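Chemist: I have a structure here, written as structure tokens, and I will follow up with some questions on it.
The values are calculated or read from the model by the stated rules, or taken from the named source; none is laboratory data. Please read these numbers as outputs of a predicted model, since none were measured by experiment. A quick note on method: Cβ atoms are made from the backbone with ideal geometry, for glycine too, and the neighbour counts reach across all protein chains shown.
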């Protein structure tokens, strides 16, 4: 006797949801690397450079400004990363609700929204690669 979970999780729309979720988390991971570079590596490198040229005030001011600007962009990217993660988690929730045939509980999950466009957009890259699709 089957409860249909295996069938529902292997349907095209379910696989697209999982692919979109995977791609969103992958994108968030890439942007996280950029965020670390902007918030840690660049300010650190600028501080080390200032150790070698302490008398040059123009370089000192440029270093301060670049550090502040890179930190600002890091905050912007962190917001983008958080949005990607939230969308991926929401898609995972939609997948679970569909596969396990659970009702959507607004108190627990929040308002249900249509993310079909996002699923179609973000799943294309993985679904177009046969090797990736079969993993």
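Chemist: Restricting to region 120-133, and then to whatever is within 18 Å of residue 25 (Cα to Cα) and either in contact with a helix residue (DSSP H, G or I) (Cβ under 6 Å, 6 or more places away or on another chain) or loosely packed, with under 10 Cβ neighbours inside 10 Å (or both), can you tell me which residue is modelled with the lowest pLDDT?
Modeler: Going through the qualifying residues, I end up with 133.
Chemist: Hey, another quick one. Take the residues in region 100-119 that are surrounded by 14 or more Cβ atoms within 10 Å (Cβ to Cβ) and at pLDDT 95 or above, then tell me which one is farthest from residue 27 (Cα to Cα).
Modeler: Quick first cut of region 100-119, residues surrounded by 14 or more Cβ atoms within 10 Å (Cβ to Cβ) only: 109, 115, 118-119.
If we keep only those that are at pLDDT 95 or above too, we end up with 115, 118-119.
Working: 115: 17, 118: 14, 119: 14 Å.
Here the residue is 115.
Chemist: What number of residues within region 37-52 satisfy the criterion of being without any contact (Cβ under 8 Å) to a residue 12 or more places away in the chain and surrounded by 11 or more Cβ atoms within 10 Å (Cβ to Cβ)?
Modeler: Residues of region 37-52 without any contact (Cβ under 8 Å) to a residue 12 or more places away in the chain: 37, 40-41, 44-45, 48, 51-52.
Subset that is surrounded by 11 or more Cβ atoms within 10 Å (Cβ to Cβ): 37, 40-41, 44-45.
Final tally of qualifying residues: 5.
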